[in-house]
1. Take peptides 241-249, 168-176 and line them up by average Cβ neighbours within 10 Å, highest first, as a rough protection proxy.
2. Could you check what % of the DSSP bridge pairs in the stretch 62-197 are antiparallel, to the nearest 5?
3. Consider all pairwise Cα distances in the chain and report the whole-number % of them above 26 Å.
4. Amide H to amide H, which residues 5 or more places from Glu172 or on other chains are under 5 Å from it, using H placed in the peptide plane?
5. Per residue Cα convex hull volume for the stretch 62-197, in cubic angstrom?
6. Pick out, from Pro35, Tyr246, Ala137, the residue whose Cα sits farthest towards the positive end of the charge dipole of the chain, with +1 on the Cβ of Lys and Arg and -1 on the Cβ of Asp and Glu.
7. Counting other C-beta atoms within 10 Å, which of Asp162, Asp211 has the fewest, and how do the rest follow?
8. Around Val82, which amide H atoms from residues at least 5 apart in sequence, or from another chain, sit under 5 Å from its own amide H, with H modelled in the peptide plane?
Amino acid sequence: MGKEDAHCGKAAGEFIEAAVRLCQFGQLDAMTTAPINKKSLFLGGYHYPGHTEFLAHLTDTDQFAMTFISPNLRVSLLTTHVPLNKVSEYVKKEGLEKLIRLVDRELRVYGFEHPRIAVAALNPHGGEGTLFGFEEASEMIPAIESCRHFDGIDVSGPHSGDTVFLRASRGEFDIVISCYHDQGLIPVKCMSFGDAVNVTLGLPFIRTSVDHGTAFDIAGQGRAEHASMVAAIKLAADLYLKKTAYQKK
């Protein structure tokens with residue numbers, strides 16, 4: 001108990017595969033996942049960075065997004081489990097355009113008539129006119145302008161990462177697109193640890209999960225908090241009702 005194990009990783013992978021089949025066959029309306037240990041999953045023969053990529057592979061989904069929803073803030077990630085020194089290689093116009101369109105489309109399904117999307121800058125002060133980086137000028141601004149002008153999406157940015165999440169939490173934006181994992185997850189967990197829910201946008205079914213890991217360090221001690229799991233289950237049910245209502249329009 002409380003350690004990495006190939007047998008447990010293999011079992012976890014098989015449970016995920018079974019749940020996906022039930023969703024695909026229409027026997028389940030949504031899936032809520034508990035945390036998995038990524039090393040155990042790998043040792044068990046499932047070579048995926050995490051649930052999100054695993055589920056995308058099982059459902060042949062090309063466009064998907066790891067997204068976090070909390071009472072005060074919603075954040076979608078442009079990159080997920082990528083080393084920080086590699087992030088800039090993935091901040092490209094085409095990828096950002098696809099994510100903006102996906103987020104806009106999915107939020108409409110879940111009850112937002114006109115989603116207000118903010119994009120967080122990669123570099124300090126949004127690159128400060130290329131003084132601190134070129135990604136905003138060469139990749140991000142062209143993507144944002146394309147989605148705004150050609151798709152009619154209410155998207156703005158790139159906004160400075162040190163203020164955009166605060167602005168969103170105060171109601172100025174419906175969701176923030178973050179360039180990398182910790183840029184988006186730090187504000188979410190600071191504001192709503194235990195209440196935030198991980199949602200995978202783009203899958204053919206609803207999938208929610210907790211906002212924390214396996215916490216092997218407290219395994220078997222009776223100290224684990226269940227609030228995030230409860231929130232994930234409740235959100236899955238709520239999203240299903242909203243999706244059903246949207247499909248009936």
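Rule-based calculations on the coordinates, nothing more; no lab input. Since we're looking at a predicted model, the values are computed, not measured. Positions of Cβ are backbone-derived with ideal geometry, glycine not excepted, and every protein chain shown enters the neighbour counts.
1. 168-176, 241-249
2. Percent antiparallel among DSSP bridges in the stretch 62-197 is about 30.
3. Above the 26 Å cut-off, the chain has 40 percent of its Cα pairs.
4. Amide H neighbours of Glu172, under 5 Å, 5+ apart: none.
5. Values: hull volume 14.4 nm³, N = 136.
Taking only Cα atoms, the stretch 62-197 has a hull volume of 106 Å³ per residue.
6. It is Tyr246.
7. Working: Asp162 12, Asp211 23.
By the 10 Å Cβ count, ascending, the order reads Asp162, Asp211.
8. The list, which skips near neighbours in sequence, is His181.
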